[in-house]
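The values are calculated or read from the model by the stated rules, or taken from the named source; none is laboratory data. In this text, all values refer to a predicted model and were calculated from it rather than measured experimentally. We place every Cβ from the backbone using ideal geometry, glycine too, and count neighbours over all the protein chains shown. Note: accessible area is taken over every heavy atom of the protein model, side chains too, but ligands, DNA and RNA are not part of it. Shrake-Rupley method; radii C 1.70, N 1.55, O 1.52, S 1.80 Å.
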Amino acid sequence: FVLSGFPMDWIDSSISQLSTFVKNNMAPGWINDLISDALIQGIGGVVIFIPQIAILFFMLGLLEHTGYLSRISYISDAFLRKFGLSGKSIIPLMSSWACAIPAIMGTRMIDDPKERLAIIMASPLMTCSARLPVYAILISVVIPNEDRSFFGLQGLALLGLYLIGVVATLAVAYYYSRRSKVTSNPFWSLELPVYRMPNWRNIFFNVYQKTKSFVVEAGKVI
(Lines give C-alpha, C1' and ligand atoms only; values in the text may rest on other atoms or scores of the structure.)
Protein backbone atom coordinates (compact mmCIF):
# COMPACT_ATOMS: atom_id res chain seq x y z
CA PHE A 1 0.00 0.00 0.00
CA VAL A 2 2.82 2.43 0.85
CA LEU A 3 4.74 1.75 -2.37
CA SER A 4 1.66 2.03 -4.56
CA GLY A 5 0.37 5.18 -2.85
CA PHE A 6 2.61 7.60 -4.78
CA PRO A 7 1.85 6.37 -8.33
CA MET A 8 -1.84 6.01 -7.46
CA ASP A 9 -1.99 9.63 -6.29
CA TRP A 10 -0.22 10.71 -9.48
CA ILE A 11 -2.65 8.76 -11.67
CA ASP A 12 -5.62 10.14 -9.73
CA SER A 13 -4.48 13.75 -10.09
CA SER A 14 -3.63 13.27 -13.79
CA ILE A 15 -7.07 11.82 -14.55
CA SER A 16 -8.74 14.69 -12.66
CA GLN A 17 -6.69 17.28 -14.54
CA LEU A 18 -7.47 15.66 -17.88
CA SER A 19 -11.18 15.55 -17.05
CA THR A 20 -11.17 19.19 -15.98
CA PHE A 21 -9.25 20.21 -19.13
CA VAL A 22 -11.79 18.48 -21.39
CA LYS A 23 -14.73 19.92 -19.45
CA ASN A 24 -13.36 23.48 -19.69
CA ASN A 25 -12.34 23.33 -23.36
CA MET A 26 -15.36 21.66 -24.92
CA ALA A 27 -18.77 23.12 -25.54
CA PRO A 28 -21.17 22.31 -22.67
CA GLY A 29 -23.54 19.45 -23.35
CA TRP A 30 -24.03 15.74 -23.06
CA ILE A 31 -20.97 14.92 -25.21
CA ASN A 32 -18.81 16.97 -22.83
CA ASP A 33 -20.28 15.10 -19.84
CA LEU A 34 -19.90 11.75 -21.60
CA ILE A 35 -16.20 12.27 -22.30
CA SER A 36 -15.10 14.11 -19.15
CA ASP A 37 -17.26 12.45 -16.49
CA ALA A 38 -17.97 8.98 -17.91
CA LEU A 39 -15.20 7.98 -20.34
CA ILE A 40 -12.13 9.56 -18.70
CA GLN A 41 -13.25 8.95 -15.12
CA GLY A 42 -14.32 5.39 -16.01
CA ILE A 43 -10.92 4.56 -17.47
CA GLY A 44 -9.27 6.23 -14.49
CA GLY A 45 -11.25 4.03 -12.12
CA VAL A 46 -9.52 1.01 -13.64
CA VAL A 47 -6.05 2.43 -14.33
CA ILE A 48 -5.62 3.70 -10.76
CA PHE A 49 -5.32 0.12 -9.47
CA ILE A 50 -2.46 -0.78 -11.82
CA PRO A 51 0.30 0.06 -9.25
CA GLN A 52 -1.15 -2.21 -6.56
CA ILE A 53 -1.73 -5.07 -8.98
CA ALA A 54 1.73 -4.70 -10.54
CA ILE A 55 3.45 -4.66 -7.12
CA LEU A 56 1.46 -7.68 -5.96
CA PHE A 57 2.36 -9.73 -9.04
CA PHE A 58 5.98 -8.58 -8.72
CA MET A 59 6.08 -9.93 -5.15
CA LEU A 60 4.37 -13.17 -6.23
CA GLY A 61 6.86 -13.44 -9.09
CA LEU A 62 9.75 -13.15 -6.64
CA LEU A 63 8.29 -15.93 -4.50
CA GLU A 64 7.64 -18.10 -7.55
CA HIS A 65 11.02 -17.70 -9.22
CA THR A 66 12.97 -18.26 -6.01
CA GLY A 67 11.09 -21.52 -5.48
CA TYR A 68 9.28 -20.43 -2.32
CA LEU A 69 5.77 -20.04 -3.74
CA SER A 70 5.50 -23.81 -4.19
CA ARG A 71 6.45 -24.22 -0.54
CA ILE A 72 3.73 -21.76 0.48
CA SER A 73 1.25 -23.91 -1.44
CA TYR A 74 2.58 -27.03 0.29
CA ILE A 75 2.47 -25.44 3.77
CA SER A 76 -1.07 -24.10 3.33
CA ASP A 77 -2.47 -27.28 1.76
CA ALA A 78 -3.25 -29.06 5.05
CA PHE A 79 -5.12 -26.02 6.43
CA LEU A 80 -7.08 -25.30 3.23
CA ARG A 81 -8.11 -28.96 2.89
CA LYS A 82 -10.42 -28.42 5.87
CA PHE A 83 -12.41 -25.96 3.73
CA GLY A 84 -12.54 -28.06 0.57
CA LEU A 85 -9.60 -26.29 -1.07
CA SER A 86 -5.99 -27.20 -1.81
CA GLY A 87 -2.64 -25.46 -1.66
CA LYS A 88 -3.14 -24.18 -5.20
CA SER A 89 -5.92 -21.92 -3.95
CA ILE A 90 -3.57 -19.80 -1.84
CA ILE A 91 -2.30 -17.87 -4.86
CA PRO A 92 -5.72 -16.67 -6.13
CA LEU A 93 -6.71 -15.89 -2.53
CA MET A 94 -3.60 -13.75 -2.05
CA SER A 95 -4.32 -12.00 -5.36
CA SER A 96 -7.78 -11.10 -4.07
CA TRP A 97 -6.21 -8.58 -1.70
CA ALA A 98 -5.39 -6.46 -4.74
CA CYS A 99 -8.44 -7.21 -6.88
CA ALA A 100 -10.83 -10.14 -7.18
CA ILE A 101 -10.75 -10.05 -10.98
CA PRO A 102 -7.11 -11.19 -11.47
CA ALA A 103 -7.74 -13.68 -8.65
CA ILE A 104 -10.65 -15.19 -10.58
CA MET A 105 -8.51 -15.20 -13.71
CA GLY A 106 -5.80 -16.98 -11.71
CA THR A 107 -8.12 -19.89 -10.95
CA ARG A 108 -7.28 -21.26 -14.41
CA MET A 109 -4.29 -22.99 -12.81
CA ILE A 110 -6.60 -25.03 -10.51
CA ASP A 111 -7.40 -28.41 -12.10
CA ASP A 112 -10.26 -29.43 -9.80
CA PRO A 113 -13.49 -27.86 -11.22
CA LYS A 114 -15.27 -27.85 -7.84
CA GLU A 115 -12.36 -26.09 -6.14
CA ARG A 116 -12.07 -23.63 -9.01
CA LEU A 117 -15.75 -22.68 -8.74
CA ALA A 118 -15.48 -22.42 -4.93
CA ILE A 119 -12.65 -19.90 -5.26
CA ILE A 120 -14.54 -17.94 -7.92
CA MET A 121 -17.56 -17.71 -5.61
CA ALA A 122 -15.58 -16.89 -2.46
CA SER A 123 -12.66 -14.68 -3.53
CA PRO A 124 -14.74 -11.46 -3.99
CA LEU A 125 -15.33 -11.52 -0.21
CA MET A 126 -11.64 -10.86 0.46
CA THR A 127 -10.84 -7.22 1.19
CA CYS A 128 -9.64 -5.80 -2.13
CA SER A 129 -7.93 -2.43 -2.48
CA ALA A 130 -11.07 -0.78 -3.86
CA ARG A 131 -12.73 -1.12 -0.44
CA LEU A 132 -10.00 0.70 1.45
CA PRO A 133 -11.42 4.23 0.88
CA VAL A 134 -14.79 3.04 2.18
CA TYR A 135 -13.18 1.37 5.19
CA ALA A 136 -11.10 4.48 5.87
CA ILE A 137 -14.19 6.70 5.94
CA LEU A 138 -16.20 4.32 8.15
CA ILE A 139 -13.33 3.77 10.59
CA SER A 140 -12.58 7.49 10.90
CA VAL A 141 -16.26 8.18 11.68
CA VAL A 142 -16.97 5.27 14.02
CA ILE A 143 -13.65 4.41 15.71
CA PRO A 144 -11.89 7.04 17.89
CA ASN A 145 -8.25 7.78 17.07
CA GLU A 146 -6.78 6.51 20.33
CA ASP A 147 -3.42 4.76 20.57
CA ARG A 148 -4.26 2.17 23.21
CA SER A 149 -2.04 -0.38 21.51
CA PHE A 150 0.88 -0.46 19.13
CA PHE A 151 -1.45 -0.30 16.13
CA GLY A 152 -4.12 1.96 17.62
CA LEU A 153 -7.84 1.28 17.69
CA GLN A 154 -8.30 2.34 14.07
CA GLY A 155 -5.51 0.05 12.90
CA LEU A 156 -7.00 -2.87 14.83
CA ALA A 157 -10.41 -2.12 13.30
CA LEU A 158 -8.91 -2.27 9.79
CA LEU A 159 -7.15 -5.53 10.66
CA GLY A 160 -10.46 -6.87 11.94
CA LEU A 161 -12.18 -6.04 8.66
CA TYR A 162 -9.46 -7.92 6.77
CA LEU A 163 -9.87 -10.94 9.05
CA ILE A 164 -13.66 -10.86 8.60
CA GLY A 165 -13.10 -11.01 4.84
CA VAL A 166 -10.79 -14.02 5.19
CA VAL A 167 -13.23 -15.85 7.48
CA ALA A 168 -16.17 -15.12 5.15
CA THR A 169 -14.17 -16.35 2.16
CA LEU A 170 -13.26 -19.63 3.84
CA ALA A 171 -16.85 -20.10 5.06
CA VAL A 172 -18.29 -19.65 1.57
CA ALA A 173 -15.63 -21.96 0.08
CA TYR A 174 -16.45 -24.61 2.71
CA TYR A 175 -20.19 -24.34 2.11
CA TYR A 176 -19.84 -24.44 -1.68
CA SER A 177 -17.44 -27.37 -1.67
CA ARG A 178 -19.87 -29.36 0.51
CA ARG A 179 -23.06 -28.44 -1.35
CA SER A 180 -21.88 -28.35 -4.95
CA LYS A 181 -22.81 -31.21 -7.25
CA VAL A 182 -19.85 -30.59 -9.56
CA THR A 183 -17.60 -33.62 -9.97
CA SER A 184 -14.44 -33.21 -7.95
CA ASN A 185 -10.91 -34.36 -8.68
CA PRO A 186 -9.14 -33.80 -5.36
CA PHE A 187 -5.85 -35.49 -6.32
CA TRP A 188 -3.00 -32.99 -6.31
CA SER A 189 0.73 -33.52 -6.69
CA LEU A 190 3.46 -30.90 -6.39
CA GLU A 191 7.13 -30.96 -7.25
CA LEU A 192 9.12 -28.64 -5.00
CA PRO A 193 11.77 -26.80 -7.06
CA VAL A 194 15.20 -25.96 -5.68
CA TYR A 195 15.90 -22.51 -4.28
CA ARG A 196 17.49 -20.25 -6.87
CA MET A 197 18.08 -16.63 -7.81
CA PRO A 198 15.08 -15.13 -9.67
CA ASN A 199 15.16 -14.39 -13.39
CA TRP A 200 14.43 -10.66 -13.37
CA ARG A 201 13.55 -10.51 -17.06
CA ASN A 202 10.88 -13.19 -16.65
CA ILE A 203 9.50 -11.53 -13.50
CA PHE A 204 9.03 -8.14 -15.16
CA PHE A 205 7.60 -9.74 -18.30
CA ASN A 206 5.12 -11.66 -16.16
CA VAL A 207 4.14 -8.45 -14.33
CA TYR A 208 3.61 -6.72 -17.69
CA GLN A 209 1.47 -9.59 -19.03
CA LYS A 210 -0.70 -9.84 -15.90
CA THR A 211 -1.21 -6.08 -15.67
CA LYS A 212 -2.00 -5.82 -19.36
CA SER A 213 -4.50 -8.66 -19.02
CA PHE A 214 -6.21 -6.83 -16.15
CA VAL A 215 -6.47 -3.55 -18.09
CA VAL A 216 -7.41 -4.96 -21.49
CA GLU A 217 -9.65 -7.89 -20.52
CA ALA A 218 -11.07 -7.01 -17.11
CA GLY A 219 -11.00 -3.26 -17.66
CA LYS A 220 -13.48 -3.46 -20.53
CA VAL A 221 -15.96 -5.34 -18.34
CA ILE A 222 -15.50 -2.92 -15.43
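Tell me, what is the per residue accessible area of the range 66-144 in Å², probe radius 1.4 Å? It would help to have the intermediate numbers written out before the result.
Values: 3580 Å² over 79 residues.
Per residue, the range 66-144 has an accessible area of 45 Å².
Taking a 1.4 Å probe, which of 66, 20 shows the most accessible area, and what order do the others take after it?
Reading off the accessible areas and sorting them downward yields 20, 66.
Can you work out ³J(HN,Hα) from phi for every residue in the range 151-163, in order, using Karplus 6.51 cos²θ - 1.76 cosθ + 1.60 and θ = phi - 60°, giving whole Hz and x for Gly and Pro?
Computed from phi, the couplings for the range 151-163 are 8, x, 5, 5, x, 5, 5, 5, 4, x, 5, 5, 5 Hz.
Which is the longest run of the chain containing none of the trypsin sites (Lys or Arg not before Pro) found in DSSP loop states (not H, G, I, E, B) with at most 14 other C-beta atoms within 10 Å? Please list the in-between numbers first.
Numbers: sites that count: 82, 148, 181, 196.
The segment 1-81 is the longest one with no such site.
Residue by residue through the range 86-101, what is 3J(HN,Hα) from phi via Karplus (6.51 cos²θ - 1.76 cosθ + 1.60, θ = phi - 60°)? Round to whole Hz and write x for glycine and proline.
With the stated coefficients, the range 86-101 comes to 10, x, 5, 6, 5, 6, x, 5, 5, 5, 5, 5, 8, 6, 6, 5 Hz.
Would you mind estimating how fast the chain diffuses translationally, via Stokes-Einstein at 37 °C and 0.692 mPa s with the Kirkwood radius over Cα pairs, in µm²/s?
Numbers: Rh = 19.7 Å.
Diffusion coefficient, whole number: 166 µm²/s.
Which value in nm describes the separation of the simple spin-label points at residue 216 and residue 22, placed 7 Å from the Cα toward the beta carbon?
Placing both labels 7 Å along Cα→Cβ, they lie 2.2 nm apart.
Using the Cα gyration tensor of the range 29-78, with a ≥ b ≥ c the square roots of its eigenvalues, what is the shape: rounded (a/c below 1.5), prolate (a/b larger than b/c) or oblate (neither)?
Numbers: a/c = 8.48, a/b = 3.93, b/c = 2.16.
Taking the square roots of the gyration eigenvalues as a ≥ b ≥ c, the range 29-78 is prolate.
Can you send over the carbon and sulfur percentage of the accessible area for the range 117-171, probe radius 1.4 Å, protein chains only?
On the way: 2520 of 3300 Å².
Answer for the range 117-171 is 76 percent, counting heavy atoms of protein chains only.
Could you check how much of the accessible area of the range 1-84 is carbon and sulfur, as a whole percent, using a 1.4 Å probe? The partial results should precede the final answer.
Values: 3600 of 5020 Å².
Solvent-exposed carbon and sulfur of the range 1-84 make up 72 percent of the total.
Test of understanding: what is the full-extension gain from residue 175 to residue 132, defined as 0.36 nm times their sequence separation minus their Cα-Cα distance?
On the way: separation 43, 0.36 × 43 = 15.48 nm, distance 2.70 nm.
Fully extending the segment from residue 175 to residue 132 adds 12.8 nm.
Just to compare against my own numbers: the Cα pair-distance distribution for the range 78-141, 10 Å bins, whole % per bin, please.
23, 47, 19, 10, 1
How about the range 32-92: which chymotrypsin sites (Phe, Trp or Tyr not before Pro) there lie in a loop by DSSP and see at most 14 other Cβ atoms within 10 Å?
On the way: sites: 49, 57, 58, 68, 74, 79, 83; in loops: 49, 83.
The qualifying sites: there are none.
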